[in-house]
Structures are given as C-alpha cells and as structure tokens.
Amino acid sequence: QVQLVESGGGLVQAGGSLRLSCTASGIVFGLNGLGWYRQAPGKERELVASITRGYITNYADSVKGRFTISRDNAKTTVYLQMNSLKPEDTAVYYCAADGRFSRVVDGTPTYWGQGTQVTVTV
C-alpha cells in the first residue's frame, strides 16, 4: 500500500546540479519524517539529509552547504536539491519515510523507495 517513487537522477558534470523528487502514497504524508539516503559502490548506505514533520532539517557533513532537503505536504513530495556536485556524490539515492516507531532521523526508516542513480563525472 505504501509506495515511494523517486525521480530526477541522472548524469551530471562536477559542479553541476540536480534535484531529486520523491512522491509518496499510502501514508498520511504530513505526519511522517522523511529523508534521503545514498549508497556508493563498495560503501555503506548513509543518511544524506532528513526533514521532520516540523520541517527541522539535518545533513551529513559531506553535503552540508551543498544539498537542501524540502517537503511539500500538499503534493506528498520530498525533494533533494543538490548543488556543486562532486564525483564523490555518485551513488544510488533512496527516499525514505518514518514508520510508527522507526524514524529516518534515528537512521531506521520503515519505508523505502527503489532508488535513483546519480552519477557525477569529472
């Protein structure tokens, strides 16, 4: 019933920008914390950015100042604006959402999207 669908990934040169979108269905969107994770080849999955239902945001140190997470509850969509992209940002990016007792901000989201590939070239 719950579905998260990402879009906006692609290929971009270093220094460029992309905006990822994730549209949710099957949840009361405005009550859930949301976030973006990424997993690069050979590396562990990491939390990139999160946003609570109260619009409090947090970022990984590696993306702070370059990425911005936002949400539009009316559109049931969470965004990740990625600027000044680096080759190190290359990864599969996953949208995630809170469950009843499992939260993105704790590193334990319940709901996941399928992922979208972001590739940054030199």
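The values are calculated or read from the model by the stated rules, or taken from the named source; none is laboratory data. Not measured: the values here are computed from a predicted model. As a convention, Cβ positions derive from the backbone with ideal geometry for all residues, glycine included, and neighbour counts pool all protein chains shown. In case anyone asks, the SASA skips ligands and DNA or RNA and just uses the protein heavy atoms, side chains included. Shrake-Rupley method; radii C 1.70, N 1.55, O 1.52, S 1.80 Å.
Would you kindly state how much longer the chain becomes between Thr119 and Gln3 on full extension, computed as 0.36 nm times their sequence separation minus their alpha carbon distance, in nm to one decimal? Mind showing how you got there, number by number?
Values: separation 116, 0.36 × 116 = 41.76 nm, distance 2.44 nm.
Length difference between fully extended and current span is 39.3 nm.
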> Ignoring any ligand, DNA or RNA, what whole percent of the accessible area of the chain comes from carbon and sulfur when the probe is 1.4 angstrom?
Replying inline: 48 percent
>> Give me the dipole magnitude in Debye, nearest 20, for segment 37-122 about the Cα centre, with unit charges on the beta carbon: positive for Lys and Arg, negative for Asp and Glu.
In response: 180 debye
> Can you tell me the accessible area per residue over segment 1-51, all protein chains present, probe 1.4 angstrom, in square angstrom?
Replying inline: 51 Å²
>> Within 10 Å, at most 12 other Cβ atoms, and a DSSP state outside H, G, I, E, B define an exposed site. Report the longest part of the chain free of exposed trypsin sites (Lys or Arg not before Pro).
In response: 1-42
> Once the other residues with Cβ under 14 Å from the Cβ of Asn83 are scored (Lys, Arg +1; Asp, Glu -1), what is the net sum?
Replying inline: +3
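If contacts are Cα pairs under 8 angstrom and at least 6 residues apart, what is the relative contact order of segment 1-70 in percent? Numbers along the way, then the final one.
Working: 87 pairs, mean separation 14.8, N = 70.
Relative contact order for segment 1-70 comes out at 21 percent.
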> All other residues with a Cβ under 13 Å from the Cβ of Gly33 taken together, and with Lys, Arg as +1 and Asp, Glu as -1, what is their net charge?
Replying inline: +2
>> Can you tell me which of Val48, Val63, Val78 moves the most in a GNM of the chain? Springs connect C-alpha atoms under 10 Å apart.
In response: Val63
> Using Cα-only point scatterers and the Debye equation, what is log10 of I(q)/I(0) for the chain at each q in 0.16, 0.18, 0.19 Å⁻¹, rounded to two decimals?
Replying inline: -0.68, -0.86, -0.95
> If the cut-off is a Cα-Cα distance under 17 Å, which lysines reach Lys64, setting aside same-chain residues fewer than 8 apart in sequence?
Replying inline: Lys86
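Can you give the net charge of the other residues whose Cβ lies under 14 Å from the Cβ of Asp72, counting K and R as +1 and D and E as -1?
Details: positive: Arg19, Arg53, Arg71, Lys75; negative: none.
Taking every other residue near Asp72 into account, the sum is +4.
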> Using bins 5 angstrom wide from zero, how does P(r) for segment 1-57 break down, in % of all Cα pairs?
Replying inline: 4, 14, 19, 25, 22, 10, 6, 1
